[in-house]
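Report on the structure given below.
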Amino acid sequence: MSQSIVSSPIPARAGIGLRLPHQALVAATRPAAAWFEVHPENYMADAAALAELEQLRAHYPLSLHAVGLSLGSAAGVDAGHVARLRALTQRLAPGLVSDHLSWSQANGHYLPDLLPLPYTAEALDIVCRNVAQVQEALGRQLLIENPSTYLCYAAATLSEAEFVAALVRRTGCGVLLDINNIFVSACNQRRDARSVLDHWCQTLDRHSVGELHLAGHALVATSGGEQLRIDDHGDRVCAEVWSLYENAVAHFGILPTLLEWDTRLPDFAVLQDEARHAQQRLNAHAHTAAERDPVERDPAERGPGARAHAGYA
Amino acid sequence: MQATPETGAGACTSPASWPLATLQARMATALMAGDEAGRQLPEALFAGALPGSEGLRVHRNTVLGAFSNALRLGYPAVERLVGEAFFDRMAVEFARAQPPVAPQLAAWGAAFADYAGHFPGTEMLPYLRELARFDARFDELARRVADEQFAGVELAVDASVTLCFTAGLLVHSSSYPVVALRDAVLADDAAALAAIDATAAEHHIAMWRASAGVMVQPLGSAAARYLRAALGGATGEQALAAALIATAPGQLEYAPGSEADVAAQLQREILRARFVRITTNDNAVTGAGQ
């Protein structure tokens with residue numbers, strides 16, 4: 001039962017975001033997958049799905065990727081939700097736990113979106129307080145993901161990368177770097193995505209990054225006829241994002257990488273195929289790195305996830 | 001006293017210097033607003049390459065779409081009956097009236113059945129509220145773990161016989177034939193739907209979660225009273241007495257003709273049901289539920 005489950009570190013391989021429509025198939029067939037990541041909120045009011053996931057957990061490393069902590073809320077995090085997440089982490093013993101640099105609670109209500117923060121000193125204080133509170137409650141490190149953005153605030157005094165780097169320094173949290181989100185945000189702000197990634201690389205402690213995310217997105221027209229990229233996780237990873245990913249792996253090293261797909265969910269085999277594409281790039285980098293530096297340490301030991309069980313401070 | 005986002009200093013200052021609490025309160029209100037004026041935030045708040053209103057539109061679509069999708073999962077028959085566009089209108093208006101307070105959206109929306117039943121434009125579907133209530137029950141049970149061990153309520157029928165019910169077993173009562181309605185709607189079977197006598201009459205259903213999914217079994221009035229009493233903690237004698245209560249004149253309820261009728265109904269609908277296991281004091285197990 002749950003007491004016997006030991007936390008398995010997430011391998012530095014390409015995993016798959018497991019969604020409820022695929023779960024029964026995965027439970028029945030146990031397909032090849034290096035690891036799975038799920039949204040814990042989907043299991044907090046679904047005992048049947050949780051029981052099935054608990055069985056899967058015995059066969060695959062598992063990561064919990066939350067969407068509801070609202071780490072950027074000025075009103076603070078919801079203690080009840082933190083308690084529910086804590087109960088799940090104790091039951092499922094995930095290798096990684098993460099959420100987003102965003103907010104979704106205000107006026108006493110929950111808004112199901114990852115709403116953007118102004119990158120200011122005030123917001124940094126608030127996010128640091130909230131992240132520290134959650135890490136304390138969970139007794140482990142959180143990874144914080146950069147969201148896709150469609151808004152920039154006039155009040156911002158820090159870049160997103162500077163904000164995240166400061167957050168890492170002050171709380172000991174790790175970083176879940178979403179490469180698709182970097183691309184979507186950069187394009188929507190009419191900036192060069194490679195330059196934005198370079199800024200992330202220069203700003204972050206490379207060892208603070210514990211996981212990478214990849215996904216597809218949609219291209220739509222605004223009411224003014226301009227192009228807008230929507231992070232809908234509804235397509236294959238585009239060529240530009242694969243290129244950015246190769247650059248990110250070259251800088252941050254071989255890290256657990258997750259393929260996300262949420263809307264217009266295809267057959268599970270398509271997700272496996274996308275994961276294979278990511279794994280090929282990880283393998284290529286490993287080969288190159290081995291030729292260049294044969295004593296480079298085991299990439300599975302890299303990243304903050306590896307020290308998640310030894311304390312986050 | 002601490003200033004609130006709406007009354008604090010931030011409300012009077014330039015948008016670019018609003019405290020975070022003010023910004024979040026204003027943005028949340030703008031995202032949920034139904035009227036165009038309420039959706040606006042000052043453009044001075046934003047500095048991106050695109051107008052702030054465009055970004056707000058993306059977030060509004062995401063928020064409202066997520067509300068609709070969450071309710072769609074819990075009320076599939078309602079959505080199929082009224083159509084996607086009408087369902088989205090109901091869902092968004094419901095979310096504006098009763099937004100969730102926590103992120104696990106599967107647990108939100110219990111009041112949607114009443115809301116949908118009174119929503120303008122649904123007057124021609126008098127059974128919509130009851131269908132929605134049944135959808136919600138179905139969804140609630142689907143999210144439970146199946147009980148194969150009959151680990152629910154136990155009822156001592158007499159000194160030697162005990163009924164063991166499956167955990168989570170419930171009696172659902174409705175004034176419309178919701179099982180037939182839901183089956184026809186989800187099957188897109190217009191002919192079957194048209195053939196259903198949807199006049200108001202009392203219907204009772206036993207519902208439980210098995211490993212194969214959510215199970216339903218129609219119950220007569222006496223069996224429903226018996227089972228409801230049993231699940232409510234009554235003794236065997238009390239449950240039997242509840243089953244034998246005569247129907248008051250004028251009530252829309254099946255009236256048992258005699259104690260023999262009630263006994264036959266209980267035998268047929270309770271003792272042989274798949275949601276019950278019968279044990280005797282010598283540990284023998286009998287009955288259809290095993």
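The values are calculated or read from the model by the stated rules, or taken from the named source; none is laboratory data. Since the model is a prediction, treat every value here as computed from it, not as a measurement. So basically every Cβ, Gly included, is an ideal-geometry build from the backbone, and we count neighbours across all protein chains shown.
A:Ala221 - would you say it is farther than 20 Å from A:Cys128 by Cα, of a type in the set (Gly, Ala, Ser) and in contact with a strand residue (DSSP E or B) (Cβ under 9 Å, 6 or more places away or on another chain)?
When the stated conditions are applied, A:Ala221 passes them.
Could you say which residue among B:Ala95, B:Ala77, B:Ala21 is assigned to a helix (DSSP H, G or I), facing chain A (nearest Cβ under 7 Å), at pLDDT 95 or above and buried (at least 19 other Cβ atoms within 10 Å of the Cβ)?
B:Ala21
Look at B:Asp282 and say whether it is on the phi < 0 side of the Ramachandran plot, at pLDDT 90 or above, out of contact with any helix residue (DSSP H, G or I) (no Cβ under 8 Å at 6 or more places or on another chain) and not in a helix (DSSP H, G or I).
Details: on the phi < 0 side of the Ramachandran plot: yes; at pLDDT 90 or above: no; out of contact with any helix residue (DSSP H, G or I) (no Cβ under 8 Å at 6 or more places or on another chain): yes; not in a helix (DSSP H, G or I): yes.
No.
Taking segment A:82-108 as the search range and keeping residues that are within 10 Å of chain B (Cβ to nearest Cβ) and surrounded by fewer than 23 Cβ atoms within 10 Å (Cβ to Cβ), which one is nearest to A:Leu50 (Cα to Cα)?
Top of the filtered list is A:Arg84.
Please verify whether B:Phe67 is touching a strand residue (DSSP E or B) at 6+ places or on another chain (Cβ under 9 Å), crowded, with 18+ Cβ neighbours inside 10 Å and in a helix (DSSP H, G or I), treating the condition exactly as stated.
yes
Do you know which residues across segment B:19-37 are over 17 Å from A:Ala154 (Cα atoms) and among the small types (Gly, Ala, Ser)? Walk me through it before giving the result.
Of all residues in segment B:19-37, those over 17 Å from A:Ala154 (Cα atoms) come to B:25, B:28-37.
Listed by number, the residues that qualify are B:Ala25, B:Ala28, B:Ala30, B:Ala33, B:Gly34, B:Ala37.
Which members of segment B:46-64 meet the condition of being surrounded by fewer than 17 Cβ atoms within 10 Å (Cβ to Cβ), under 21 Å from A:Arg191 (Cβ atoms) and more than 7 Å from chain A (Cβ to nearest Cβ)?
Once the filter is applied, which keeps residues that are surrounded by fewer than 17 Cβ atoms within 10 Å (Cβ to Cβ), under 21 Å from A:Arg191 (Cβ atoms) and more than 7 Å from chain A (Cβ to nearest Cβ), segment B:46-64 yields only B:Pro51.
Would you call A:His277 out of contact with any Leu (no Cβ under 7 Å at 6 or more places or on another chain), closer than 28 Å to A:Val131 by Cβ and modelled with pLDDT of 95 or more? Steps first, please.
Numbers: out of contact with any Leu (no Cβ under 7 Å at 6 or more places or on another chain): yes; closer than 28 Å to A:Val131 by Cβ: no; modelled with pLDDT of 95 or more: yes.
No; evaluated as a whole, the condition is false for this residue.
How many residues does segment A:6-29 hold that are more than 14 Å from chain B (Cβ to nearest Cβ) and under 20 Å from A:Leu271 (Cα atoms)?
13
Checking the conditions here, which among B:Ala106, B:Ala70 is touching a residue at least 24 places away in the same chain (Cβ under 8 Å) and more than 24 Å from B:Asp188 (Cβ to Cβ)? First the steps, then the outcome.
Details: B:Ala70 fails: more than 24 Å from B:Asp188 (Cβ to Cβ).
Selected residue: B:Ala106, the only one of B:Ala106, B:Ala70 that is touching a residue at least 24 places away in the same chain (Cβ under 8 Å) and more than 24 Å from B:Asp188 (Cβ to Cβ).
Could you go through segment A:114-123 and let me know if any residue there is within 11 Å of chain B (Cβ to nearest Cβ), in a loop (DSSP other than H, G, I, E, B), closer than 19 Å to A:Ser98 by Cβ and out of contact with any Leu (no Cβ under 8 Å at 6 or more places or on another chain).
Scanning segment A:114-123 turns up no residue that is within 11 Å of chain B (Cβ to nearest Cβ), in a loop (DSSP other than H, G, I, E, B), closer than 19 Å to A:Ser98 by Cβ and out of contact with any Leu (no Cβ under 8 Å at 6 or more places or on another chain).
Across segment B:166-195, what is the total count of residues that are in a helix (DSSP H, G or I), in contact (Cβ under 8 Å) with a residue 40 or more places away in the chain and farther than 13 Å from B:Met215 by Cα?
First, the residues of segment B:166-195 that are in a helix (DSSP H, G or I): B:178-186, B:190-195.
Filter once more, keeping what is in contact (Cβ under 8 Å) with a residue 40 or more places away in the chain: B:178-179, B:181-182, B:185-186.
Still in the list and also farther than 13 Å from B:Met215 by Cα: B:178, B:181-182, B:185-186.
Going through segment B:166-195 one residue at a time, the tally reaches 5.
If you take the residues of segment A:175-212 that are aliphatic (A, V, I, L, M) and under 25 Å from A:Pro9 (Cα atoms), which of them is farthest from the other protein chains (Cβ to nearest Cβ)? Before you say what the answer is, go through the steps one by one.
Initial filter on segment A:175-212 (aliphatic (A, V, I, L, M)): A:175-177, A:179, A:182, A:184, A:186, A:193, A:196-197, A:204, A:209, A:212.
Imposing the further condition that a residue be under 25 Å from A:Pro9 (Cα atoms) reduces the set to A:175-177, A:179, A:204, A:209, A:212.
Details: A:Val175: 22, A:Leu176: 18, A:Leu177: 21, A:Ile179: 20, A:Leu204: 23, A:Val209: 26, A:Leu212: 23 Å.
Out of the qualifying residues, it is A:Val209.
Answer yes if at least one residue in segment A:219-234 is within 24 Å of A:Phe36 (Cα to Cα), among the small types (Gly, Ala, Ser) and outside any helix (DSSP H, G or I), and no otherwise.
yes
B:Pro120: within 30 Å of A:Trp103 (Cα to Cα) and not in a helix (DSSP H, G or I), yes or no? Walk me through how you get there before you give the answer.
Numbers: within 30 Å of A:Trp103 (Cα to Cα): no; not in a helix (DSSP H, G or I): yes.
Here the answer is no, as B:Pro120 does not meet what is asked.
State which residue pairs qualify: first residue within 9 Å of chain B (Cβ to nearest Cβ) and inside segment A:30-54, second residue of a type in the set (Val, Ile, Thr) in any location, beta carbons under 7 Å apart, and separation of 6 or more residues or different chains.
Listed by first residue and then by second, the contacts come to A:Glu41/A:Val67; A:Ala47/B:Val145; A:Ala48/B:Val145; A:Ala51/B:Val145.
Conditions tested, residue by residue: (1) under 28 Å from B:Arg96 (Cα atoms); (2) away from chain B (no Cβ under 11 Å); (3) touching a Gly at 6+ places or on another chain (Cβ under 6 Å); (4) of a type in the set (Phe, Trp, Tyr).
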site: A:Tyr110; (1), (2), (3), (4): yes, no, no, yes
site: A:Val131; (1), (2), (3), (4): no, yes, no, no
site: A:Ala137; (1), (2), (3), (4): no, yes, no, no
site: A:Arg140; (1), (2), (3), (4): no, yes, no, no
site: A:Thr149; (1), (2), (3), (4): yes, no, no, no
site: A:Tyr153; (1), (2), (3), (4): yes, no, no, yes
site: A:Ala165; (1), (2), (3), (4): no, yes, no, no
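Would you mind finding the one in A:Leu111, A:Leu151 that is hydrophobic (A, V, I, L, M, F, W, C), free of Cβ contacts under 8 Å to residues at least 24 places away in the same chain, within 15 Å of B:Leu23 (Cβ to Cβ) and buried (at least 23 other Cβ atoms within 10 Å of the Cβ)?
That would be A:Leu111, the only listed residue that is hydrophobic (A, V, I, L, M, F, W, C), free of Cβ contacts under 8 Å to residues at least 24 places away in the same chain, within 15 Å of B:Leu23 (Cβ to Cβ) and buried (at least 23 other Cβ atoms within 10 Å of the Cβ).
Search segment B:118-149 for residues being of a type in the set (A, V, I, L, M, F, W, C), in contact with a strand residue (DSSP E or B) (Cβ under 7 Å, 6 or more places away or on another chain) and buried (at least 18 other Cβ atoms within 10 Å of the Cβ), and hand back the single one that is farthest from the other protein chains (Cβ to nearest Cβ).
B:Phe134
State the number of residues belonging to segment B:24-37 that are assigned to a helix (DSSP H, G or I) and modelled with pLDDT under 95.
1
A quick yes/no check of all residues on (1) surrounded by 13 or more Cβ atoms within 10 Å (Cβ to Cβ); (2) modelled with pLDDT of 85 or more; (3) part of a strand (DSSP E or B):
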| residue | (1), (2), (3) |
| --- | --- |
| B:Trp208 | yes, yes, yes |
| B:Val216 | yes, yes, yes |
| B:Ala223 | yes, yes, no |
| B:Arg228 | yes, yes, no |
| B:Gly233 | no, yes, no |
| B:Ala241 | yes, yes, no |
| B:Gly250 | no, no, no |
| B:Gly257 | no, no, no |
| B:Glu269 | yes, yes, no |
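So if I check each of A:Glu160, A:Glu136, which one is surrounded by fewer than 24 Cβ atoms within 10 Å (Cβ to Cβ) and within 19 Å of the chain's Cα centre (by Cα)?
Numbers: A:Glu136 fails: within 19 Å of the chain's Cα centre (by Cα).
One residue alone meets the criteria, A:Glu160.
Kindly indicate whether B:Arg129 is among the basic types (Lys, Arg), part of a helix (DSSP H, G or I) and under 25 Å from A:Asn42 (Cα atoms). Even if it seems obvious, please write down each step before you answer.
Numbers: among the basic types (Lys, Arg): yes; part of a helix (DSSP H, G or I): yes; under 25 Å from A:Asn42 (Cα atoms): no.
When the stated conditions are applied, B:Arg129 does not pass them.
So which residues in segment B:186-206 are β-branched (Val, Ile, Thr) and surrounded by 14 or more Cβ atoms within 10 Å (Cβ to Cβ)?
Applying the first criterion (β-branched (Val, Ile, Thr)) to segment B:186-206 yields B:196, B:199, B:205.
If the condition is that a residue be β-branched (Val, Ile, Thr) and surrounded by 14 or more Cβ atoms within 10 Å (Cβ to Cβ), then B:Ile196, B:Ile205 are the ones that fit.
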